[in-house]
Amino acid sequence: MNIDFKLLGSRLAQRRRELGLKQFELAEKAGLSNNYLSSIERGWSIPSLETFATLCISLNTSPDYFLLGTVRTSDVPQKLIENLKLCSDENLSLIDEMIQVLVRRQENDY
């Protein structure tokens, strides 16, 4: 498997922005320099496994999203997945918005 580190960095940056974090805030949270995080987000530097794991934890996101662009669904009930397949694009958009609200609510509880 070839890892596209530029894409990985882009996904890290996107998730950081989704959480409303400034680059320096994530760098501080992960124990990295701001310059190093910036370099990772641009795909110029390849993070060590330990750094990558720390970023995943700091961004509350599984590694599969950053590496593959998808989230593992093995722990999502199959019935839920099947029902989502039956939804229109408009309803999927609404469901996505509702999930984002729930995720933000959960993050604020921590």
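Observations
- GNM result for the chain, Cα springs below 10 Å: residue of LEU26, LEU86, LEU67 fluctuating most strongly: LEU86
- Kirkwood-based Rg to Rh ratio, the chain, C-alpha trace: 1.02
- Projected label points at VAL76 and GLU50, each 7 Å from Cα along the beta carbon direction, are separated by 3.4 nanometres.
- Solvent-accessible area, 1.4 Å probe, carbon plus sulfur percent, for the chain: 54 percent
- Taking label points 7 Å from Cα along the Cα-to-Cβ direction, ASP64 and PHE24 give a separation of 3.7 nm.
The values are calculated or read from the model by the stated rules, or taken from the named source; none is laboratory data. Since the model is a prediction, treat every value here as computed from it, not as a measurement. For neighbour counting, all protein chains shown are included, and Cβ atoms are generated from backbone atoms with ideal geometry for every residue, glycine included. We work out accessible area using only protein heavy atoms, side chains counted, and drop any ligands, DNA or RNA first. Shrake-Rupley method; radii C 1.70, N 1.55, O 1.52, S 1.80 Å.
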